[in-house]
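The values are calculated or read from the model by the stated rules, or taken from the named source; none is laboratory data. Remember, predicted model here, so these are calculated numbers, not experimental data. For neighbour counting, all protein chains shown are included, and Cβ atoms are generated from backbone atoms with ideal geometry for every residue, glycine included. Keep in mind that these areas ignore ligands, DNA and RNA; they rest on the heavy atoms of the full protein, side chains included. Shrake-Rupley method; radii C 1.70, N 1.55, O 1.52, S 1.80 Å.
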Amino acid sequence: MSREIHRWYSPNLNKDMEIVVYGTYGYALLMFPTAAADFLEYERFHLIDSISPFLAQGRLKAFSINSINSESWLNNSMHPAQKAIRHQQYNRYIVEEVVPFIHAHCKGLVPIITTGASLGALHAANNFFRRPDIFSGTIAMSGSYDLKSYTKGYYDDNVYFNSPVDYLPHWNDEYMLNQMRKGKIIIATGQGAYEDPDASKRLSDILNAKGVRHWLDLWGYDMPHDWPTWRKMLPYFLDFIKF
C-alpha cells in the first residue's frame with residue numbers, strides 16, 4: 001500500500017502541519033483525528049489496516065491530517081474566545097490548504113468524504129455541513145455535534161457557526177441545503193460505554209426537519225466509545241460509498 005507523508009508551513013495556522021496519504025486511486029477520504037491526536041493516530045490504532053482492502057482496490061485514497069484541538073478546545077490555559085478563533089483558523093486551513101492539496105495529489109476534482117471519530121466526528125461533520133459545495137459527504141462516528149459541550153459555557157459567533165446543532169436549524173440558504181441533500185451523510189454511534197447516542201439522534205432530527213436525507217445508524221450496547229467499534233464501523237460504511 002502506498003504511504004506518503006507531506007508537510008508544509010500553514011499560513012492559516014502559522015505552523016508546520018503534516019498529512020499522510022494512503023493509497024493510489026479513488027475518491028478522497030479526509031480523516032480528522034480524535035481529541036488531541038496527530039495525523040498518524042488512525043495508523044497507530046489500526047484503523048488504516050481495517051480499510052486497507054479499499055485502498056488496495058483503488059476505491060479510495062485516505063488523507064489523515066493533524067488536529068489542533070490541544071491549541072483550542074482542549075487547552076485549559078487559553079481564553080475561550082481564542083479557542084474559538086483557533087477553531088476558525090483550522091477551518092480555513094482545511095478549505096484553503098488541505099482541499100487544494102487533495103485535488104492536486106489526485107490530479108483532479110475528486111469527491112471528498114470527511115470522516116472522524118469522537119471529536120474528529122464533530123470536525124468531519126462540521127466541515128461538510130459548512131461547505132457541502134466542497135465536500136461530498138461525511139461519515140461521522142460517535143460524535144457530539146454541539147460544540148458547547150467543549151466550550152465550558154462560553155458562546156460567541158465562532159462557537160455558533162461551528163456547532164451544527166445550533167446553526168443547522170436556522171440555515172435557510174437553499175443552494176447550500178440542496179448541495180447538502182446531494183451528499184452521502186452517515187451518522188453512526190454505538191450505545192455502549194461512554195457513547196452518547198442521543199447526540200446523534202438530535203443531529204438526525206435536525207437533518208430530517210431540513211429535508212436532508214442521511215443514514216442514522218445506532219449500533220449495539222456492546223459497542224463502546226473506543227477503537228474496536230470504529231475499526232468495525234468505518235469499513236462497513238465505506239462499502240456503501242460509491243461514485
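Summary table
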| quantity | calculated |
| --- | --- |
| Filter pass, ALA84 being aliphatic (A, V, I, L, M) and over 19 Å from GLY120 (Cα atoms) | no |
| Considering residues of the range 122-164 that are more than 10 Å from the chain's Cα centre (by Cα) and of a type in the set (Val, Ile, Thr) only, the residue most open to solvent (accessible area, probe 1.4 Å) | ILE134 |
| Flag if SER204 is touching a Phe, Trp or Tyr at 6+ places or on another chain (Cβ under 8 Å) and of a type in the set (Gly, Ala, Ser) | no |
| Hits in the range 214-230 (condition: assigned to a helix (DSSP H, G or I) and surrounded by 19 or more Cβ atoms within 10 Å (Cβ to Cβ)) | THR229, TRP230 |
| Those residues of the range 164-200 which are part of a loop (DSSP other than H, G, I, E, B) and either without any contact (Cβ under 8 Å) to a residue 24 or more places away in the chain or not hydroxyl-bearing (Ser, Thr, Tyr) (or both), in sequence order | TRP171, ASN172, ASP173, LYS182, GLY183, GLY190, GLN191, GLY192, ALA193, GLU195, ASP196 |
| Of residues in the range 201-213 being within 15 Å of TYR145 (Cα to Cα) and in contact (Cβ under 8 Å) with a residue 24 or more places away in the chain, the one surrounded by the most Cβ atoms within 10 Å (Cβ to Cβ) | LEU203 |
| Residue ranges of strands (runs of 3 or more DSSP E) in the range 7-115 with at least 3 members open to solvent by less than 10 Å² (accessible area, probe 1.4 Å) and of a type in the set (Ser, Thr, Tyr) | none |
